1. Among the residues of the stretch 158-172, write down those that are open to solvent by less than 10 Å² (accessible area, probe 1.4 Å) and either at pLDDT below 85 or outside any loop (DSSP other than H, G, I, E, B) (or both).
2. Any residue at all in the stretch 415-430 that's open to solvent by less than 90 Å² (accessible area, probe 1.4 Å), small (Gly, Ala, Ser) and either more than 23 Å from Gly299 (Cβ to Cβ) or over 41 Å from the mean Cα position of the chain (by Cα) (or both)?
3. Here is a list of conditions, (1) farther than 30 Å from Ala200 by Cα; (2) within 27 Å of the chain's Cα centre (by Cα), and Phe78 meets all of them except one; can you say which number that is?
4. Of all residues in the stretch 364-390, which are surrounded by 11 or more Cβ atoms within 10 Å (Cβ to Cβ), aromatic (Phe, Trp, Tyr) and closer than 22 Å to Glu433 by Cα?
5. Can you tell me which residue within the stretch 305-356, out of those that are of a type in the set (D, E, K, R) and open to solvent by less than 50 Å² (accessible area, probe 1.4 Å), is nearest to Ile290 (Cα to Cα)?
6. Just one of the numbered conditions (1) open to solvent by 60 Å² or more (accessible area, probe 1.4 Å); (2) in a loop (DSSP other than H, G, I, E, B); (3) farther than 29 Å from Ser341 by Cβ is not true of Lys393; which one?
7. I'd like to know if the stretch 379-399 contains one or more residues that are among the polar types (S, T, N, Q) and modelled with pLDDT under 75.
8. So Ser403 fits all but one of (1) modelled with pLDDT under 80; (2) part of a loop (DSSP other than H, G, I, E, B); what number is the exception?
Amino acid sequence: MEQTTFFDNSLPLRARLRPENLSEFAGQKHLLGEGKVLRRLIESDNISSMIFWGPPGVGKTTLARIIARQTKAKFIDFSAVTSGIKEIREVMQRADENRRYGEKTIVFVDEIHRFNKAQQDAFLPFVEKGAIILIGATTENPSFEINGALLSRCKVFVLQPLSADDIVALLKRAISDERGFGNLKINIGDDILDYVANFANGDARNALTTLEMLVLNSNEEGGVITVTEQTLKDLTGRKSLLYDKKGEEHYNLISALHKSMRNSDPDAAVYWLARMLEAGGDPLYIARRIIRFASEDIGIADPRALDLAVSVYQACHFLGMPECNVHLTQAVVYMSIVPKSNALYIAYGRRREDAQKMLAEPVPLVIRNGVTSLMSDLGYGKGYQYAHDTEDKLTNMQCLPDSLLGREYYTPTEQGQEAKFKQRLRLIKEWKEKHK
């Protein structure tokens, strides 16, 4: 390929195209759509300390800068990697002084989970007295990574991966906007844009970087830059297994994976897994589908299947592609080989039908919780039998509404471990019949 030389800009595309206001911001409609909570807070200039939790490339830093610009606050960008307690306190003191002159200060801390407890505690007194508005960004669960005292003073907003449609719209804006490639004539097919959007896995920064490399490494002829599938293949290192625009092929592939595992065919399952991953499929999406499969198609025929599926999801989250491909392979092979049972799936389906038809069936008084004297007087909890107080750890207490008495929803199979549970359930029912 011939490197083009007609475009010269020292800033990368993702920096040139960084949104300057909410109207340019891609995704997060659940927070920033018209009338949504975060948008109202920003537009009313009623911002308080908050944490943005979400995966890379969804706009956490950009959103913090938009907030600072729209609220006309002094913006301080803090590094959780290079800053210590001394630097934190120095910045906090300056912010406190600014407050006395009526100037608001937003302190943005990217990767706030990297700060240790002492560093996080250094922010606490200044957040408490309103000297600063703290905006932290993290890819990790704040419940585990942010000190409880600090977290309790911050509102947590969950930012979601961008949808493929959001990213396609962003790519098209990058091509037409003068801050992007608007001064160039670029010929790029919708199928390639769709592929780049899927390849990015919800990461806008990744998508814009890929687009920039495609444009800068495509040939120009007659003043027109043409991006080809071959260029795409060369840059991504993958065959161009393009999902169609409506996503039909995506769902065809996940259906093939699911049904191959259900049919106990590990070879086919691994093939369809590879097809999805090599086409830029989201490993976390695949892992979530495997978690569903572990209960829908295996259940307690092998209770360990769910544990493995959840562990593989976590491995995919920690490592990402390409390292997590072996973990997903382990999961689909295991799910393919172990005994199958859809008894849990059928049980819920039966229960759902009754629940939808009988939405007002009263909870039997015996299993209601009489938390007040009035409730106790009305018979709540009267006659309740605590199973742990009995020799057999069983009672004949009625737990279903009268209208559903005798209904059976869960019918275990003879597959794997479920055969043992079937025997146990039979003994339970025999005991209850005997002790009516």
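1. Ile167, Leu171
2. The answer is no, given that none of the residues of the stretch 415-430 is open to solvent by less than 90 Å² (accessible area, probe 1.4 Å), small (Gly, Ala, Ser) and either more than 23 Å from Gly299 (Cβ to Cβ) or over 41 Å from the mean Cα position of the chain (by Cα) (or both).
3. (1)
4. If the condition is that a residue be surrounded by 11 or more Cβ atoms within 10 Å (Cβ to Cβ), aromatic (Phe, Trp, Tyr) and closer than 22 Å to Glu433 by Cα, then Tyr384 is the only one that fits.
5. Filtering first and then ranking leaves Lys340.
6. Of (1) open to solvent by 60 Å² or more (accessible area, probe 1.4 Å); (2) in a loop (DSSP other than H, G, I, E, B); (3) farther than 29 Å from Ser341 by Cβ, only one is false for Lys393: (3).
7. no
8. Unmet for Ser403, out of (1) modelled with pLDDT under 80; (2) part of a loop (DSSP other than H, G, I, E, B): (2).
The values are calculated or read from the model by the stated rules, or taken from the named source; none is laboratory data. What you see is a predicted model; the values in this text were computed from it and never measured. Cβ sites come from the backbone with ideal geometry, for glycine too, and all protein chains shown count toward neighbours. Calculation scope for accessible area: heavy atoms of the full protein, side chains included, ligands and nucleic acids excluded. Shrake-Rupley method; radii C 1.70, N 1.55, O 1.52, S 1.80 Å.
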